[in-house]
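The values are calculated or read from the model by the stated rules, or taken from the named source; none is laboratory data. Quick caveat, the model's predicted, so the values are computed rather than measured. Note that we place each Cβ from the backbone using ideal geometry, even for glycine, and neighbour counts take in every protein chain shown.
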Amino acid sequence: MTVDTAVPTTPATRLPLIITALAITAANFMNALDMTIAVVALPSISGTLGASPSQGAWVLTTYTVCLAIVLPLSPWMCKRFGEVHTFTGSILMFALTSWACGVSSNMELLIFFRALQGLSSGLIIPLSQTMLLRIFPPERHGTAIALWSIVSVTAPVLGPILGGVITDNLSWPWIFYINIPIGFGAAWIVWTSMHKIETETKKIPVDAVGMFLLAVTVLLFQLILDRGHELDWLGSADIRLMINIAVIALIAYVIWERKEPHPLIDYSLFKIPVFVVSSIMGVIFNLTYFSCSVLYPIWMQTALGYTATLSGLVMAGTSVLPIVGMTLVGKNIARLNLRYLIVSGALITMYAIYLQASSTTESTFTQLLVARVAVGIGFTLLFPPLMAITLGSVSQERTVSAASFFNFFRTVASSVGIAIGISIWQARTVFHRQHLIEELNPAYAEKEAAFQVMEQLSGGDGDVLWAITDQMATVQASTLGLNDTFIVFIVVAIPVLFLALFIPARLGPKPEN
């Protein structure tokens, strides 16, 4: 079927529009949820399937890698099979591979199906954006962007909470089974509502060589980031080998793409200054946002003794205001000054990171929650206008390519930010621990009172006293190291303030080509 849809057709009445929008949003929610829902279930998965913790981590890594790999391929998929076919097919594949993950009897099978799940996820992310923009008229694109943004910020936060509850009360396979009714229901609604307005299809060849080289580069790059802090980075022969192969594959990819008539990425997007600037801002935002969102709950559980559920409740503070705030921003985005929104959002986000950087072992649940609520306010003001500018700077025909490009580099930036954050945190923890141990000398007059308390706790046993002292030093060093790490990310976010000067203050009409 080759139906021309230069002007997207919306459902005839309000009810079909709402139902279709909710179905598209549900597919994106299901996809975003699975990025984090397995985090707290890894110990249970590894124990049930007889795998080591490092093998269990591949359940997360494989999903992320395959998601990033397939993103550049989504424009070709849409041109070859149509946007509606591709989107509904990817939702069905996600639901089926979720079932396969749940019934996997060993870790190898689980990782394989998790990889297939990631491949389908990489198609859902950009297409859920473009499909929402297609069904809403141009004057309501702000609402569409708000819907997508709300899901993108709430689902990853709810993932660990929901994963913990399901794993504790049912069993880990159910974190995958819940996707089955959502996926089949969403796919049926989208197909029923939109198959008559399918986009034009073209039989164009796929750049298989470029896809292979890019996949090798992304896969090795992800492995380097995941394993680098464990293997001492360049001190490991394995890391050096992976870096060499990744660099060679990247150079080969660049050389190959220069002569490829059908490249994976629409490089003409680089000629659009607004698109490039907004993409850079998106990369910086993801790098800081996701690194802080991953490190903070880890610190709460290791330093404060919070349970997965309790730390998840703190992190849920991020989604309290965006649920309402993004709807308001989205509805009024055409009338608002985008520069002011982005600058305000960046400043509030930086302040929120500062609040997290000020956390101590004495911080209360309320103080930690307030910091995450502030993060949510910054996200509400920053991300919707950033996404609107990015997708609004290209023509309708290039929206899928722009969304794929934008999300590909945001995904990579998230992995980079998490890896950098963990490395800085570990290095600064070692630094502070060394200095704290040096200062913990009972001979110092100012330390006598503290040691008297610890001696009472240890009952005068020297071994117990040292164990208590060592544990206290480790917890304090970890907290100080986290503080230093967040300060670094505040500095990293500063360029967003200056880049905001190069974006338009108002949304204009979409270009025709």
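Remarks
- Condition met for SER415 (in contact with a Lys or Arg (Cβ under 7 Å, 6 or more places away or on another chain) and either at pLDDT below 90 or aromatic (Phe, Trp, Tyr) (or both)): no
Results for (1) among the β-branched types (Val, Ile, Thr); (2) surrounded by fewer than 18 Cβ atoms within 10 Å (Cβ to Cβ), shown as yes or no for each residue.
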| residue | (1), (2) |
| --- | --- |
| ALA215 | no, no |
| GLY228 | no, no |
| ASP238 | no, yes |
| ILE255 | yes, yes |
| TYR267 | no, yes |
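- Answer residue from the stretch 346-370, given it is of a type in the set (A, V, I, L, M, F, W, C) and free of Cβ contacts under 8 Å to residues at least 60 places away in the same chain and is surrounded by the fewest Cβ atoms within 10 Å (Cβ to Cβ) among those: PHE365
Per-residue answers, yes or no, for (1) surrounded by fewer than 22 Cβ atoms within 10 Å (Cβ to Cβ); (2) at pLDDT 90 or above:
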residue	(1), (2)
LEU42	yes, no
GLY47	yes, no
LEU60	yes, no
SER74	no, yes
PHE113	yes, yes
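- Among the residues listed as LEU347, LEU382, LEU304, the single one being in the same structural domain as ILE503 (by TED's automatic domain parsing), of a type outside the set (Gly, Ala, Ser), closer than 23 Å to GLY421 by Cα and at pLDDT 95 or above: LEU347
- Condition check for VAL314: touching a helix residue (DSSP H, G or I) at 6+ places or on another chain (Cβ under 6 Å), at pLDDT 80 or above, within 21 Å of PHE489 (Cα to Cα) and not acidic (Asp, Glu): yes
- Qualifying residues in the stretch 390-400 (those that are out of contact with any Gly (no Cβ under 8 Å at 6 or more places or on another chain) and closer than 16 Å to LYS271 by Cβ) - the one modelled with the lowest pLDDT: GLU397
- Yes/no for VAL400 being touching a helix residue (DSSP H, G or I) at 6+ places or on another chain (Cβ under 8 Å), within 19 Å of PRO263 (Cα to Cα) and crowded, with 24+ Cβ neighbours inside 10 Å: yes
- When every residue of the stretch 150-173 is checked against the conditions, none turns out to be in contact with a Lys or Arg (Cβ under 6 Å, 6 or more places away or on another chain), surrounded by fewer than 22 Cβ atoms within 10 Å (Cβ to Cβ) and on the phi < 0 side of the Ramachandran plot.
- Only a single item in (1) part of a helix (DSSP H, G or I); (2) surrounded by fewer than 22 Cβ atoms within 10 Å (Cβ to Cβ) is not met by SER104, and it is number (1).
- Selection count where residues are aliphatic (A, V, I, L, M), closer than 11 Å to SER121 by Cα and either in contact with a Leu (Cβ under 9 Å, 6 or more places away or on another chain) or modelled with pLDDT under 95 (or both), scope the stretch 92-108: 1
Conditions tested, residue by residue: (1) assigned by TED's automatic domain parsing to the domain that holds ASN332; (2) at pLDDT 85 or above; (3) surrounded by 14 or more Cβ atoms within 10 Å (Cβ to Cβ); (4) in a helix (DSSP H, G or I).
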position	(1), (2), (3), (4)
HIS432	no, yes, yes, yes
ALA443	no, no, no, no
ALA449	no, no, no, yes
GLN456	no, no, no, yes
TRP466	no, no, no, yes
MET472	no, no, yes, yes
THR479	no, yes, yes, yes
PHE498	yes, yes, no, yes
ARG506	yes, yes, no, no
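- Filtered by the rule that a residue be within 27 Å of MET107 (Cβ to Cβ) and crowded, with 18+ Cβ neighbours inside 10 Å, the stretch 178-213 gives ILE178, ASN179, ILE182, GLY183.
- Among the residues making up the stretch 188-238, a single one is modelled with pLDDT of 90 or more, of a type outside the set (A, V, I, L, M, F, W, C) and within 24 Å of the chain's Cα centre (by Cα): THR217.
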